[in-house]
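Asks: Below: one structure in structure tokens.
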Amino acid sequence: MENFKKITEQTSEYRHLEKMSVTEILRNINNEDITVPLAVERSIPKIEKLVSVIVEKMLAGGRLFYIGAGTSGRLAIVDASECPPTFGVPYGLVIGIIAGGNKAITQAVEFAEDSNEQGWIDLKEYEINEKDVVIGLAASGTTPYVISALNECRNNNIITGSISCNPNSPVSKAADFPIELIVGPEFVTGSTRMKSGTAQKLVLNMISTAVMIQLGRVEDNKMVNMQLTNIKLVDRAVIMLMDNLGIIDYDIAKELLLKHNSVKKAIDAVKMKA
């Protein structure tokens, strides 16, 4: 692993960033970011295979785990935490785990990513089993915490995927369904919170959204199962009901929504009476 060539650590193609104007900095960052979706596009066939397996496992009662360190781990936490409010699934169906625990979400925990045991220990706290799928995130593809966790998953017949930004990385070799997003050197050398992080975020969005649509958590193009946790979402839900059921009066639609506390349940209730 020491001799593994990391594109993510290669020197930036831009020099003397401190001498650039603000406009130059912003335009150059944007020019680099534009390349990220193209790297993601090249990986769609592999993303599709991973999504299909996740759906199959979830329909059989399994869960989806993300595990990562640093920026990758924080992205994992974000995507997992947004699934319940967006799609109305229970907390614990999609789980994000970060090296160093909750403290690492906002603060760097020294050497947490270097452990060869803790990743599997953290997964075992959730009584992980063969029904589940674990996706390891590591921009470099070399994070011991993630690699060792995936290897132990394999030893226990648990399906694994990975998302990294270097070709033929160690984390890819530890995964049944590796996804490699080759975005090239970062604008600031080695700062994988930039293009690499963006690429991982895009793929996580694709995976969780595609899985939830396949599980029936979206109808037409609407989040009909979303949780009604604030005024904005209640208003959005009322408009969904009005659009779906042809209700003209906002207050009538809102009363119906609050009675059933769910767009989906309100629609089903009205259709059952029809």
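The values are calculated or read from the model by the stated rules, or taken from the named source; none is laboratory data. All of these numbers come straight from a predicted model, not from anything done at the bench. All Cβ positions, glycine included, derive from the backbone under ideal geometry; neighbour counts span all protein chains shown.
Asks: Looking at (1) free of Cβ contacts under 8 Å to residues at least 24 places away in the same chain; (2) loosely packed, with under 14 Cβ neighbours inside 10 Å; (3) not basic (Lys, Arg), can you tell me which one GLY61 breaks?
Replies: With (1) free of Cβ contacts under 8 Å to residues at least 24 places away in the same chain; (2) loosely packed, with under 14 Cβ neighbours inside 10 Å; (3) not basic (Lys, Arg) applied to GLY61, the lone miss is (1).
Asks: Would you point out the residue of segment 1-50, among those that are in a loop (DSSP other than H, G, I, E, B) and of a type in the set (Gly, Ala, Ser), that is nearest to SER164 (Cα to Cα)?
Replies: For segment 1-50, the residue satisfying everything is SER43.
Asks: Just the residues that are free of Cβ contacts under 8 Å to residues at least 12 places away in the same chain and of a type in the set (D, E, K, R), please, taken from segment 31-41.
Replies: The one that is free of Cβ contacts under 8 Å to residues at least 12 places away in the same chain and of a type in the set (D, E, K, R): GLU41.
Asks: From the list MET242, MET194, exactly one residue is outside the structural domain of SER52 (by TED's automatic domain parsing) and touching a Phe, Trp or Tyr at 6+ places or on another chain (Cβ under 9 Å). Which is it? Before you say what the answer is, go through the steps one by one.
Replies: Details: MET194 fails: outside the structural domain of SER52 (by TED's automatic domain parsing).
Step by step, each of MET242, MET194 is checked, and only MET242 is outside the structural domain of SER52 (by TED's automatic domain parsing) and touching a Phe, Trp or Tyr at 6+ places or on another chain (Cβ under 9 Å).
Asks: Continuing with this model, one more query. Among the listed residues ILE44, ILE67, ILE54, identify the single one that is under 30 Å from PHE187 (Cα atoms), surrounded by 14 or more Cβ atoms within 10 Å (Cβ to Cβ) and in the same structural domain as MET206 (by TED's automatic domain parsing).
Replies: After applying the criteria, what remains is ILE67.
Asks: Considering only residues of segment 156-185 that are within 12 Å of VAL134 (Cβ to Cβ) and more than 20 Å from the chain's Cα centre (by Cα), which is surrounded by the most Cβ atoms within 10 Å (Cβ to Cβ)?
Replies: Going through the qualifying residues, I end up with ASN156.
Asks: Assess whether ASN244 counts as being polar (S, T, N, Q), surrounded by 18 or more Cβ atoms within 10 Å (Cβ to Cβ), out of contact with any strand residue (DSSP E or B) (no Cβ under 7 Å at 6 or more places or on another chain) and under 19 Å from THR86 (Cα atoms).
Replies: Here the answer is yes, as ASN244 does meet what is asked.
Asks: Within segment 100-111, does at least one residue satisfy the condition of being in contact with a strand residue (DSSP E or B) (Cβ under 9 Å, 6 or more places away or on another chain), among the acidic types (Asp, Glu) and in the same structural domain as GLN200 (by TED's automatic domain parsing)?
Replies: Looking through segment 100-111, none of the residues is in contact with a strand residue (DSSP E or B) (Cβ under 9 Å, 6 or more places away or on another chain), among the acidic types (Asp, Glu) and in the same structural domain as GLN200 (by TED's automatic domain parsing).
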